[in-house]
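This report concerns only the one structure given below.
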Amino acid sequence: MREVVLRAPDDYEGWRDAARALAEGSVPPEAVVWRVADDAPDLFVSPSEGPSDGPRRALRVARRFVDLAELVACHKDPERFAFLYRVLCRLQDEPRLLDITTDEDVFRIEMMAKSVRRDRHKMTAFVRFKEVAVEGVPPAYLAWFEPEHHIVALAAPFFVERFRAMPWTIVTPEARASWDGAALHFGPGGSRDEVPAEDATEEHWRTYYVNIFNPARLKVDAMKREMPMKYWKNLPEAQLIAPLIRAAGNDEARMVATPQKTVPKRAATIVARADEARATRDAPPPPAVHGGMGGNGLDALKREALACTRCDLHRFATQVVFGEGLSTADLVFVGEQPGDKEDLAGKPFIGPAGSLFDRALGEAGIDRSRAYVTNAVKHFKFEPRGKRRIHKKPGVGEINACHHWLEEELKILRPKLTIALGASAIRSLTGQSASVLSVRGTVLTSALAGPVFVTVHPSFLLRLPDEESQRTEYARFVEDLRAAKALAANGDAGGLQATGTLL
Amino acid sequence: MARLDITEKLAVLADAAKYDASCASSGAKPRREPAKAGGIGSITGQGICHSYAPDGRCISLLKLLLTNHCIYDCLYCVNRVSSDVRRARFTPEEVVQLTLDFYRRNYIEGLFLSSGIIRSPDYTMEQLVRVAQLLREEHGFRGYIHLKTIPDADPNLIEQAGRFADRLSINVELPKATSLEKLAPQKQASTIRKAMGGLRLRLDEAEDERKRSRRAPAFAPAGQSTQMIVGADGEKDSDILESSATLYSGYKLKRVYYSAYSPIPGSSQSLPARKPPLMREHRLYQADWLYRYYGFAMDEVVGATDGGMLDLDLDPKLAWALRNRGRFPIDVNSASREDLLRVPGLGVKSVDRIIDIRRLTAMRLDDVAKLARSAKALRPFVTALDWTPGASLDGAHLARAVKRPAEQLSLF
């Protein structure tokens, strides 16, 4: 029988060095006794040499085991070091053992590690420092804590990191940790008397605790599960728990039964003043003296549209995304509907399809700021999926409901040429359905808009699977835009005769 | 009015803040700028609950209102202008001092500051920002700061708030715009949504900037969250859940908090006199989890409700499974992760472990039971090496057989 004597109850390094040597010598777990230095020696074991070493072998240890062992070494179980050595030996023959969480040993090592982690977490939560004034220097902070496992050294780095500029000491029955502002020291355990019983701020803390508690929703078991009673004796707020629970039923009844005695006299005045301030802020700006009539007409139309509830889409979208651009534009572009980004920002064509559109406009020599850009449907239609919204094609019902706004926009704009980007725009502008590709590049007539030039929606270009078709389709799109520009420029020369028909 | 001392103000303004359910200090990232000499504080990814109140809620942050004076008249709110509640107002410096006093003694992870609206939304937001700025710049505070954001406030103020705070939140308050019109006449659902949308764009932008340069300033690294009051206006769970899906998908919220409407002193006649069962809130959180972590679409969850209300006796995953028995049993040794996540009694962790283990060895029912939250709930829905549920899956009494007894609240 071999005996290994460890320096301290949480001596992971000591265990690791001894375990490595023993395991390399193939010493079986039954042949080793593990002891912490100040434990009484085991009477049944003589510290003599055990059975002779087996064959030497190279150790293999997964990182995951090391992480677990560091924690388990701090567990209060007196068998922890022997247990860890046994698992280490098993790992030599069963390298994937730790993945089999249903194995008894694996289950146990995980449970022990979990218990230590939880204890460390509770220590970071429930340590309560008391301020101790020291003449001439910054105050010191002292705490008494009773952990379940041997975790003082394990938990200390948290307090160093958090309270770096503050000298503090945490005393436990078994060990203490002190930080002097520059270095961390460990020392022997102590007693509760070393730490002052009170701190003036505790009165504030208790005031807070009483008032943040909602007596209308008592859930004592939930509290006890997370803050077990064993910690209560060192928590200044815990003395309040029993009286708060006793009074809770009454407090709740009082809250419900208390009719309001008076309405504060100034309430009505305050509300009226606030309403007035908001009304002033939201009011339309006074008409500009030199501004074009059309611009103001669009502004007024937009304000009206912002409150639109003509279809159900307003219930889920962020906001109406109205058209944007020059009220005297020759060219009006009509897309389908705002996308995710447009919906958030309240501006049309600013997402991925918008960027592509901008680039194509640039190449076609069209200045977007001289044009007007809008959509057939002004609210974003989508399907929520986890953290994303998936675009959904608007239905005929939604296109029809929103047609009103497009109609009003076009009445004010009276462009030379309207460009329909995709099928939804065609539908809204002509009232008829058509496959985009069958009428692409032609001019349709619309009772509403006059001549309508048809091309694809830029998002069509984004959906193309391969680079080759992306390149050719993009070039075609730019060509279409050039053609539209030319048509508008020659509009007066009869270039805007209808060339396409919808059947 | 007599001047209140700090203790009295603390009592009034903590009491006024307790109806906000959110208290999380999680999800923050350590601040990248170098620590200031004499500064204090750190961030842990998972957050720490430093205490629990007998209402079972974690106390992680010092949750306060800067003031409970308010010019709004939201009927469900204890601080509405027409309420005769006792009023108080902190100075920014007082909140800073309390935060530091509590933080040094390890009572809290940081501050969650909200406020009644005084003078104007901008003025109020300025005051909130001021507190966060003092903590960060004057005191080198590196703990957690959550600021309530006022939707009507100037975007510049929200930009500043995001610079100092770890998390920002705008409360949607009520799941339906019509309820908001009725109960909170000064608030508008459209303004709230627009503010959340703006915040999301800004969060995305900040994330992109940080990917390009480590020096780019942080903007609310713990993201945004919101709260909905449940049971104040007869809305259905389906309304609430649809609203949540919209919020999560559109604004990338870290959390939607559901707060069961709590009767408040002197409450308005148009509100229910009784609180909804706390179990309703719990079921909503479970349904929320199914959407966020279990791959359920919200209409699947809603499809397993009774006329839009979640079953108080059954957790929503079990309710869904009972209505979709044709999709079971699922073979734990071969099913996809997506399918395993649908099994009642199996959590995300258990599913990932099953996938690890079954690569090495075929699993028996006992092995699965060891990993599961509830072996009883699980049995009828899976097959394992030594187990098939047989006809039990088709039995009419399945719901009763797998139901866990309702949780009891107890006094001691």
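Points worth noting:
- B:Ala273, sole failed condition from (1) under 28 Å from B:Ser26 (Cβ atoms); (2) not in a helix (DSSP H, G or I): (1)
- Segment A:170-198 - residue that is outside any loop (DSSP other than H, G, I, E, B) and either in contact with a His (Cβ under 9 Å, 6 or more places away or on another chain) or touching a residue at least 40 places away in the same chain (Cβ under 8 Å) (or both) and, of those, surrounded by the most Cβ atoms within 10 Å (Cβ to Cβ): A:Ile170
- Residue in segment A:206-217 that is among the basic types (Lys, Arg), surrounded by 19 or more Cβ atoms within 10 Å (Cβ to Cβ) and facing another protein chain (nearest Cβ under 7 Å) present: yes
Here's the yes/no breakdown for (1) more than 22 Å from B:Val172 (Cα to Cα); (2) in contact with a Phe, Trp or Tyr (Cβ under 9 Å, 6 or more places away or on another chain); (3) at pLDDT 95 or above:
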position	(1), (2), (3)
A:Met293	yes, no, no
A:Thr318	no, yes, yes
A:Phe322	yes, yes, yes
A:Phe349	yes, yes, yes
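- Here B:Ser83 meets each of (1) out of contact with any His (no Cβ under 7 Å at 6 or more places or on another chain); (2) more than 8 Å from chain A (Cβ to nearest Cβ); (3) not aliphatic (A, V, I, L, M) with one exception, condition (2).
- Taken over segment A:129-141, the criterion of being surrounded by fewer than 22 Cβ atoms within 10 Å (Cβ to Cβ) and touching a strand residue (DSSP E or B) at 6+ places or on another chain (Cβ under 8 Å) is satisfied by A:Lys130, A:Glu131, A:Val132, A:Ala133, A:Val134, A:Pro139, A:Ala140.
- Yes/no for B:Ala21 being in contact with an Asp or Glu (Cβ under 9 Å, 6 or more places away or on another chain) and part of a loop (DSSP other than H, G, I, E, B): yes
- Residues that are in contact with a Phe, Trp or Tyr (Cβ under 6 Å, 6 or more places away or on another chain) and free of Cβ contacts under 8 Å to residues at least 24 places away in the same chain, drawn from segment B:353-390: B:Leu365
- Some residue of segment B:324-338 being of a type outside the set (D, E, K, R), under 25 Å from A:Pro384 (Cα atoms) and over 22 Å from the mean Cα position of the chain (by Cα): yes
- Complete set of residues in segment B:1-10 that are of a type outside the set (A, V, I, L, M, F, W, C) and within 12 Å of chain A (Cβ to nearest Cβ): B:Asp5, B:Thr7, B:Glu8, B:Lys9
- Taken together, the criteria exclude A:Pro157 from residues that are closer than 21 Å to B:Asp101 by Cα and within 11 Å of chain B (Cβ to nearest Cβ).
Conditions (1) crowded, with 18+ Cβ neighbours inside 10 Å; (2) modelled with pLDDT under 95; (3) of a type outside the set (Lys, Arg), marked per residue:
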site: A:Met1; (1), (2), (3): no, yes, yes
site: A:Ala37; (1), (2), (3): no, yes, yes
site: A:Glu49; (1), (2), (3): no, yes, yes
site: A:Val72; (1), (2), (3): yes, no, yes
site: A:Lys76; (1), (2), (3): no, no, no
site: A:Glu79; (1), (2), (3): no, no, yes
site: A:Leu84; (1), (2), (3): yes, no, yes
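Let's see how each residue does on (1) within 11 Å of chain A (Cβ to nearest Cβ); (2) touching a Gly at 6+ places or on another chain (Cβ under 8 Å); (3) of a type outside the set (Phe, Trp, Tyr):
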{"position": "B:Val12", "(1), (2), (3)": "yes, no, yes"}
{"position": "B:Ala21", "(1), (2), (3)": "yes, no, yes"}
{"position": "B:Ala37", "(1), (2), (3)": "yes, yes, yes"}
{"position": "B:Gly45", "(1), (2), (3)": "no, yes, yes"}
{"position": "B:Arg57", "(1), (2), (3)": "yes, no, yes"}
{"position": "B:Leu62", "(1), (2), (3)": "yes, yes, yes"}
{"position": "B:Thr67", "(1), (2), (3)": "no, yes, yes"}
{"position": "B:Ala88", "(1), (2), (3)": "no, no, yes"}
{"position": "B:Arg104", "(1), (2), (3)": "yes, no, yes"}
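- Unique residue being without any contact (Cβ under 8 Å) to a residue 60 or more places away in the chain, in a loop (DSSP other than H, G, I, E, B) and more than 19 Å from B:Thr7 (Cα to Cα) when the list is B:Cys70, B:Cys77: B:Cys70
Matching residues to (1) part of a helix (DSSP H, G or I); (2) surrounded by 22 or more Cβ atoms within 10 Å (Cβ to Cβ); (3) hydroxyl-bearing (Ser, Thr, Tyr):
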| position | (1), (2), (3) |
| --- | --- |
| B:Pro185 | no, no, no |
| B:Leu199 | yes, yes, no |
| B:Arg202 | yes, no, no |
| B:Glu209 | yes, no, no |
| B:Ala218 | no, no, no |
| B:Ile229 | no, yes, no |
| B:Glu235 | no, no, no |
| B:Ser238 | yes, no, yes |
| B:Leu253 | no, yes, no |
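- Any hit, segment B:26-34, residues being at the interface with another protein chain (Cβ under 9 Å from one of its Cβ atoms) and in contact (Cβ under 8 Å) with a residue 12 or more places away in the chain: no
The values are calculated or read from the model by the stated rules, or taken from the named source; none is laboratory data. Note that the coordinates shown come from a computational prediction; the quantities given were computed from them, not determined experimentally. Methodologically, a virtual Cβ is constructed for each residue, glycine included, from the backbone with ideal geometry; neighbour enumeration extends over all protein chains shown.
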